[in-house]
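Written out below as structure tokens is the structure these notes cover.
Every number in this text was worked out from the coordinates using simple rules, so none of it is lab data. Keep in mind it's a predicted model, so treat the numbers as computed, not measured. For neighbour counting, all protein chains shown are included, and Cβ atoms are generated from backbone atoms with ideal geometry for every residue, glycine included.
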Amino acid sequence: MKCLYSNEEFVQSRSNQKFANSKNRMKYHNEKKKQIRTSRAYIDRKLHKNYNILSEIMKGKINQVFHREYLKGKDYSFDVLTHYQKHKGNNEQAVYDFLIVEKEGLLNIIRYD
């Protein structure tokens, strides 16, 4: 049998063994997870920044209206969101626990639980 990580030949001590040793198994899975983290990093950075901006401007508030340009000035990325949330019959954009309802250039930001 060949090791999935190092391609070295080894004798299996179990029928489902795929790696020559536990060190190779851990390296294989760590490298696989690193590839996933690296590929998601671009979006995750934007989401994290958006969340920090919303947390800062909504500190102590549950519902507040802001102009779209205000968020642009804070370098908010309108192209990333975590999900859509139903609000008054419409699907609205959301970033984690913040609902973003846009109307005529104004953004009503609502923090929900």
Counting C-alpha atoms alone, how compact is the stretch 22-111: give Rg to one decimal and Dmax as a whole number, in angstrom. 17.3, 59
In this structure, among Lys2/Lys23; Lys46/Lys74; Lys49/Lys74; Lys46/Lys86; Lys49/Lys103, pairs with alpha-carbon gaps over 20 Å are Lys46/Lys86; Lys49/Lys103
Please give the length that would be gained between Asp75 and Ile62 if that part of the chain were fully extended, namely 0.36 nm times their separation in residues minus their C-alpha to C-alpha distance (nm, one decimal). 2.5 nm
Does the stretch 1-60 come out rounded, prolate or oblate by the C-alpha gyration tensor, with a ≥ b ≥ c the root eigenvalues, rounded set by a/c under 1.5 and, if not, prolate when a/b is larger than b/c and oblate if not? prolate
Percent RCO, i.e. relative contact order, over the chain, from Cα pairs under 8 Å lying at least 6 residues apart: 19
Go ahead and estimate [θ] at 222 nm for the chain from helices alone: -39,500 (n - 2.57) per DSSP H run with n ≥ 4, summed, over the residue count, rounded to 500. -13000 deg cm²/dmol
Net charge near Val95 (other residues with Cβ under 12 Å of its Cβ; Lys, Arg +1; Asp, Glu -1) is 0
